[in-house]
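The values are calculated or read from the model by the stated rules, or taken from the named source; none is laboratory data. Please read all numbers here as calculations on a predicted model, not as lab measurements. No Cβ is skipped: glycine too gets one built from the backbone with ideal geometry, and neighbour counts run over all protein chains shown. All accessible areas refer to the heavy atoms of the entire protein, side chains included, with ligands and DNA or RNA removed. Shrake-Rupley method; radii C 1.70, N 1.55, O 1.52, S 1.80 Å.
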Amino acid sequence: MDIKTLKTIIGTVCAGRNSVLLRGRHGIGKSEIIKEIGVEILGFKLDDVIDRRMSQMSEGDMIGLPKLVDGVTRFCPPEFIMKAADRPCMLFLDEINRASPEVMQAAFQLVLDRELNGVKLHPDTLIFSAVNINAEYQVNEMDPALLDRFWCIDFEPSVAEWLE
């Protein structure tokens, strides 16, 4: 799908609160177009486009750190999860297929249930992700069940669009 078509349909796709996954080669602008769509098409403030590189996260970065409360272990959610729970945001989980299996499992709960460790995302928070796909990349295989939770777009901008 090219940029023009993506920008034309994305509002309809997101109206159903579908999570969106852009797939394509590196360097074609997947991350940039997602941020651009968030601000220009979907109306988020730039501060409300939360970009997390899944490849650089540990399990604790994703689900939070434990604390003992009244003899029970509870998790302190990370700031970005609380932000996405408190107000409408675009949660951009970049490079999800480079994440460790534990981090991908936490992302699975976000995408499937729109919550993580009992913290529910704001009803108007949207989830986007982007991945490089091809045998030449050092990536992890995504669970088919996780992939099925995304509206997947094979992203291929034209040279003219990319140069703009």
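I'm checking my understanding of the structure. Among residues of the range 35-60 that are among the small types (G, A, S) and over 14 Å from the mean Cα position of the chain (by Cα), which one is farthest from M104 (Cα to Cα)? Write out each step before concluding.
Within the range 35-60, the subset among the small types (G, A, S) is 38, 43, 55, 58, 60.
Cutting the leftovers down to over 14 Å from the mean Cα position of the chain (by Cα) gives us 43, 58, 60.
Working: G43: 28, S58: 10, G60: 12 Å.
Ranking the qualifying residues of the range 35-60, first place goes to G43.
Restricting the search to the range 110-141, which residues are more than 24 Å from P77 (Cβ to Cβ) and not acidic (D, E)?
Residues of the range 110-141 that are more than 24 Å from P77 (Cβ to Cβ), as a first pass: 131-141.
Passing the criteria: V131, N132, I133, N134, A135, Y137, Q138, V139, N140.
Out of N134, N97, I need the residue that is assigned to a loop (DSSP other than H, G, I, E, B) and under 20 Å from C152 (Cβ atoms). Which one?
Numbers: N97 fails: assigned to a loop (DSSP other than H, G, I, E, B).
Every option except N134 fails the conditions.
From the set of residues in the range 64-88 that are touching a residue at least 40 places away in the same chain (Cβ under 8 Å) and among the small types (G, A, S), which is surrounded by the fewest Cβ atoms within 10 Å (Cβ to Cβ)?
Looking at the filtered set, the residue picked out is A85.
For residues in the range 10-23 being more than 13 Å from C152 (Cβ to Cβ) and aliphatic (A, V, I, L, M), which is most open to solvent (accessible area, probe 1.4 Å)? Outline the logic, then answer.
First pass over the range 10-23, keeping only residues more than 13 Å from C152 (Cβ to Cβ): 10-12, 14-17.
Those left that are additionally aliphatic (A, V, I, L, M): 10, 15.
On the way: I10: 0, A15: 75 Å².
Among those that are more than 13 Å from C152 (Cβ to Cβ) and aliphatic (A, V, I, L, M), it is A15.
Does D143 qualify as being over 13 Å from A85 (Cβ atoms), of a type in the set (D, E, K, R) and surrounded by 12 or more Cβ atoms within 10 Å (Cβ to Cβ)?
Yes; evaluated as a whole, the condition is true for this residue.
How many of the residues in the range 89-114 are open to solvent by less than 50 Å² (accessible area, probe 1.4 Å) and either of a type in the set (D, E) or modelled with pLDDT of 95 or more (or both)?
The total comes to 6.
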